[in-house]
Every structure is written in structure tokens, then in C-alpha cells.
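One structure is given here, and the rest of the page talks about it.
Computed from the coordinates by the stated procedures, all read-outs in this text should not be read as laboratory data. Quick caveat, the model's predicted, so the values are computed rather than measured. Note that we place each Cβ from the backbone using ideal geometry, even for glycine, and neighbour counts take in every protein chain shown.
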Amino acid sequence: MNIKYYPLNHLGTNCYFLYDKEKAVIIDPSGEPEIIFEEIENLNVKVIAVFLTHAHWDHILALDEVVTKYSVNVYMGRKEEDWLKEPTKNLSVRASEEIGRLVYDIEPIILDEGEHKIDGIAFSVLETPGHSPGSLSYVFDGYIVSGDVLFNGGIGRTDLPGSNHQDLMTSITEKLFKLPDDTVVYPGHGEPTTIGDEKLTNPFFN
């Protein structure tokens, strides 16, 4: 699967497109749906699913528009399955008045840790709590989409409701850092990196 991304909304939250010649998965539809729609049209592929790394508002801002347009299922972590309907949990209550409170009438499909295959796309799920309790990282051949767990030179915030710093550090050291060093990390914000580079240079681990 090929991968590309756009930083969307005023926080620059990365929205990812995983695609081949026929189909695509959107990970974290983070805003500006017209850009998402235009990219899918340019790729000329069928959207088969939406994956969420976690359900903070800046990662789900265009979720309703995307689900409505493509009539696809939403896949996410078990510990946040009610967050789509709860503005206090998805933290949209803390966002601007322009964004408003996000309440989505969407019943997600839960992904537990392990190997999965959806419409011929094989991937692994790692449960990586810390930034949020239900954070998932999606592992494909040679790369991982990590959400707000591990960044290029940083780690996710742990000063939010449901965050836990020790859980985050454990998720990174015991799960992400067990991946091959050449695994490319595509984070929720910022530029890609690799597992090996973060082991060597990330200031939180050195």
C-alpha cells in the first residue's frame, strides 16, 4: 500500500491516505473535507474504510462528512468507542466556537491488538495508550501510523483527560521500539521519522 498525507485543520493534524490502484483507507480525517475528497478523486480509488488512531477532536473533524460521502465503516480502539458521541471526551468542548461540539451518530467497529485483514489489506494493530486510553498504532509493511504517540523528536501530550505519561512511555519502549529500526513512523503531527532515529535522537529517550 502506498501512503501520503496532508496536515489539515489549524493544528496541522495529519490525515493519511493508504492506497493501491483500486482502493484506499483514510486514517484520521482531520478536517477540510474538500481536500480529502479531491485527493480521493485524484487517486481514482474507492474508499473502503476509515481508521482512527484515537478520537480527539482534531483527528475526527471531517469524520461525519467522509463517512456520509463514502458510506464506509469506522474502525477504532475499544476504550474510546463512545468518544465520537461525547464532546467532553473527544475534547471538542475545548475547541473553538467555530468547530463546536462534535457529536457523531456513528457506531464504530472495534479493533483489538493483533493481525487484521480488511478487503484484502493486511495490517497489525498495536494498542498504544498514554496520550489517550484507546490509542491505536497501525503497522503495515515497513511503516507505522502512530497517531499522537511518537513524533519526530517528541512524544504525545499527557496533560489531557485520560492521558498517562507512564503508559505512553511503556507503549513506545515496549511496543513501537520493538519494531525494526528502519520502520518509518508516520505521526499524527509533523514529519515522518524512523524507529531507529527516535531511539538514537529523541530527547525523551536520550
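Among the conditions (1) among the polar types (S, T, N, Q); (2) without any contact (Cβ under 8 Å) to a residue 40 or more places away in the chain; (3) surrounded by 15 or more Cβ atoms within 10 Å (Cβ to Cβ), the only one that S96 does not satisfy is (3). Just one of the numbered conditions (1) over 28 Å from L91 (Cα atoms); (2) among the aliphatic types (A, V, I, L, M); (3) surrounded by 14 or more Cβ atoms within 10 Å (Cβ to Cβ) is not true of I155: (1). Search region 20-31 for residues being of a type outside the set (K, R) and surrounded by 18 or more Cβ atoms within 10 Å (Cβ to Cβ), and hand back the single one that is nearest to D58 (Cα to Cα). In this case the residue turns out to be S30.
Report yes if some residue within region 116-128 is touching a helix residue (DSSP H, G or I) at 6+ places or on another chain (Cβ under 8 Å), in contact (Cβ under 8 Å) with a residue 24 or more places away in the chain and exposed (fewer than 15 other Cβ atoms within 10 Å of the Cβ); otherwise report no. No, region 116-128 has no match at all. Of the residues screened, I110 is not one that is in contact (Cβ under 8 Å) with a residue 60 or more places away in the chain, of a type in the set (V, I, T) and surrounded by fewer than 20 Cβ atoms within 10 Å (Cβ to Cβ). Among the residues of region 69-82 satisfying the criterion of being touching a Leu at 6+ places or on another chain (Cβ under 9 Å) and not basic (K, R), which is surrounded by the fewest Cβ atoms within 10 Å (Cβ to Cβ)? Looking at residues that are touching a Leu at 6+ places or on another chain (Cβ under 9 Å) and not basic (K, R), I get Y75. Please indicate, with yes or no, whether at least one residue in region 1-8 is touching a Pro at 6+ places or on another chain (Cβ under 9 Å), farther than 18 Å from I110 by Cα and surrounded by fewer than 17 Cβ atoms within 10 Å (Cβ to Cβ). Scanning region 1-8, I find no residue that is touching a Pro at 6+ places or on another chain (Cβ under 9 Å), farther than 18 Å from I110 by Cα and surrounded by fewer than 17 Cβ atoms within 10 Å (Cβ to Cβ), so the answer is no. Residue-level analysis places E32 among those that are out of contact with any helix residue (DSSP H, G or I) (no Cβ under 9 Å at 6 or more places or on another chain), under 26 Å from V93 (Cα atoms) and among the charged types (D, E, K, R).
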